[in-house]
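For reference, the structure discussed in these notes is given below.
Taken together, the values in this text are just the output of simple stated rules run on the coordinates, not laboratory data. Just so we're clear, the structure is a prediction, and the values are computed from it rather than from any experiment. All Cβ positions, glycine included, derive from the backbone under ideal geometry; neighbour counts span all protein chains shown.
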Amino acid sequence: IVRPFREIPGLWKNGVANLYNFWKLDGFRNLHRIMLHNFKTFGPIYREKIGYYESVNIINPEDAAIVFKAEGHYPKRLNVEAWTAYRDYRNRKYGVLLKNGEEWRSNRIILNKEVISPKVQENFVPLLDEVGQDFVARLHKKIKRSGQNKWTTDLSQELFKYALESVSSVLYGERLGLMLDYIDPEAQHFIDCITLMFKTTAPMLYIPPNLLRQIGAKVWRDHVDAWDGIFNQADRCIQNIYRQLRQEPGTTMKYPGVLASLLMLDKLSIEDIKASITELMAGGVDTTSITLLWTLYELARHPNLQEELRAEVASARAESQGDMVEMLKRIPLVKGALKETLRLHPVAVSLQRYITEDIIIQNYHIPAGTLVQLGLYAMGRDPKVFFRPEQYQPSRWLRTETHYFRGLGFGFGPRQCLGRRIAETEMQLFLIHMLENFRVEKPRHVEVQSTFELILLPDKPIMLTLKPL
Ligand code: HEM
Ligand code: 2DC
């Protein structure tokens with residue numbers, strides 16, 4: 001017999017008291033650990049309410065499958081109110097990230113063709129490969145200058161630049177020049193704004209941004225400054241391409257980039273294009289760079305695995321004879337490593353959907369309209385889901401284990417990450433070039449954990465030593 005919704009275990013009766021306890025546990029930075037703890041306490045399903053934000057949380061892949069089957073025609077995630085409040089406040093359009101319903105769907109279908117379809121993916125490879133080559137050349141130069149034949153450093157700032165250069169080259173078909181010695185201070189400001197934007201979003205998940213705006217709270221003002229910086233820089237890049245395109249309309253054979261393709265296609269309004277290109281540019285920096293940083297950290301901790309990956313890359317290189325599209329088809333273990341990184345160190349602590357029909361999970365009835373969250377971080381570390389979850393084992397993604405609703409780092413279905421193919425290609429090419437050029441080591445043993453700043457980040461700097469091969 002199916003149990004009613006109100007019997008789902010958890011703390012959902014007093015949102016304000018729960019918010020207070022959450023704050024006492026430093027929950028704004030510990031969300032992932034609190035979720036893990038709640039699954040331990042309540043089991044594979046629990047209901048919660050923190051502040052005004054209420055959800056049912058699940059952890060099993062089989063339950064995730066039920067939820068995604070009930071996501072309907074217009075899948076909807078948790079609305080990040082801080083992001084919509086900023087756009088409402090500044091009178092800017094929502095892009096594909098924030099739109100919902102029919103408008104989301106029609107925009108998303110057009111964007112899919114230019115951003116995530118297999119047809120365009122091949123266009124990205126030479127652009128991203130060039131950035132990867134420039135990145136390792138830049139590291140070689142730094143190592144030479146150090147005079148020590150190695151370099152020990154926190155790579156995060158370098159990786160932010162690599163990620164922004166990569167996503168920009170795909171979006172605009174042009175280089176920003178971030179792999180050069182002297183970089184545009186505006187670009188550096190853009191990078192800092194994205195980090196600040198994420199950080200200031202986290203508390204506003206639980207405290208309504210419009211309330212914070214009315215009382216003139218610093219977190220809201222910082223958030224506005226951060227988005228202003230992001231939009232100003234994106235506007236400059238977009239204007240630049242727009243002007244070029246009007247002066248010499250697309251005649252060359254060269255792939256012109258996502259933005260120019262969308263403008264020439266002429267199916268979305270300029271305002272819609274601008275809104276989504278800005279989101280793509282902002283979404284393309286911290287996500288891939290942090291995932292790459294975690295991957296290098298894991299490779300430094302597992303030197304034998306690192307050699308195995310290097311060997312795979314070397315034979316892929318030999319077999320593909322310089323054709324990078326072919327080469328990318330021959331590196332399953334490198335791809336497994338990236339999946340393994342996202343399992344243990346996901347960017348998104350959870351996936352969420354408002355379900356559009358009633359469902360039954362763990363024998364509880366859940367009515368249509370409920371916000372259901374899949375605890376992605378908790379799932380990745382659950383021994384019932386992954387064999388020996390504490391071990392970093394890229395080969396588990398090759399065959400041995402079932403993958404049914406387990407590889408969800410980019411989300412699922414028609415609402416999954418729009419930047420997924422860009423991110424994957426960019427990260428695979430990065431690892432190819434790094435493995436071909438450097439041995440990565442860890443100067444000393446430091447256990448690094450995650451901290452929640454809307455996305456999950458390393459809680460302390462990750463120091464790595466790079467040695468040319
Ligand atoms: C959405 C993860 C990189 C742009 C998402 C979602 C996840 C995610 C989990 C929500 C999906 C869902 O609800 O099912 C990641 C990870 C990345 C990454 C792990 C890299 C390691 C990127 C990049 C871009 C990007 C590079 C831009 C080029 C977006 C956009 C959405 C999104 C625009 C919203 C799509 C929509 O609502 O239709 N991402 N992302 N992401 N991501 Fe990413
Ligand atoms: C954060 O409880 C925790 O890909 C919340 O590239 C639920 C939640 C909702 C939406 C998620 C967010 C979490 C984490 C960051 C995500 C976001 C959707 C898209 C965004 C996963 C899990 C991200 C990083 C995008 C951001 C693009 C944007 C800045 C323009």
Subject >> Net +/- balance of residues flanking ILE462 in space, Cβ distance below 15 Å, scoring K and R +1, D and E -1 >> reply: -3
Original post:
What are the principal axis extents of the Cα atoms in segment 107-266, in Å, biggest first?
Top reply: 53, 53, 30
Original post:
Using alpha carbon centroids, what distance separates segment 51-99 and segment 342-357, in Å?
Top reply: 10
Original post:
Any idea what % of Cα-Cα pairs in segment 284-349 are farther than 21 Å?
Top reply: 31
Original post:
Any idea how far the Cα center of segment 3-17 sits from the one of segment 428-469, in Å?
Top reply: 41
Original post:
In segment 1-159, what is the volume of the convex hull around the alpha carbon atoms, normalised per residue and reported in Å³?
Top reply: 244
Original post:
Listed highest first by mean packing, meaning other Cβ atoms within 10 Å per residue, what order do 154-166, 176-188 come in?
Top reply: 154-166, 176-188
Original post:
What is the pair-distance distribution P(r) of segment 233-377, computed from all Cα-Cα distances in 10 Å bins starting at 0, with each bin given as a whole percent?
Top reply: 9, 21, 22, 28, 17, 3, 0
**OP:** With 31 Å as the limit, write out which pairs from LYS161/LYS335; LYS199/LYS467; LYS93/LYS113; LYS144/LYS442; LYS142/LYS274 have Cα-Cα distances beyond it, or answer none.
**Re:** LYS199/LYS467; LYS142/LYS274
Original post:
Arranged from highest to lowest average of other beta-carbon atoms within 10 Å per residue, in what order do the peptides 92-99, 402-409 appear?
Top reply: 92-99, 402-409
Subject >> Inter-label distance, nm, simple model (7 Å from Cα along the C-beta direction), VAL325/GLU248 >> reply: 2.5
Original post:
By a straight-distance test (C-alpha under 22 Å), which lysines pair with LYS13 as possible cross-link partners, with residues fewer than eight away in the same chain excluded?
Top reply: LYS24, LYS40, LYS49
**OP:** Give, in whole angstrom and from largest to smallest, the semi-axes √(5λ) of the equivalent ellipsoid of segment 174-304, with λ running over the eigenvalues of the Cα gyration tensor.
**Re:** 30, 25, 14
Subject >> 11 Å beta-carbon shell around GLY411, net charge (K/R +1, D/E -1) >> reply: +3
Subject >> Unit charges at the beta carbon, dipole of the chain: most positive-side option, THR341, LEU31, ALA65 >> reply: LEU31
**OP:** At q = 0.08 Å⁻¹, what is the base-10 log of I(q)/I(0) for the chain according to the Debye formula with one equal point scatterer per Cα and no solvent? Please give it to two decimals.
**Re:** -0.48
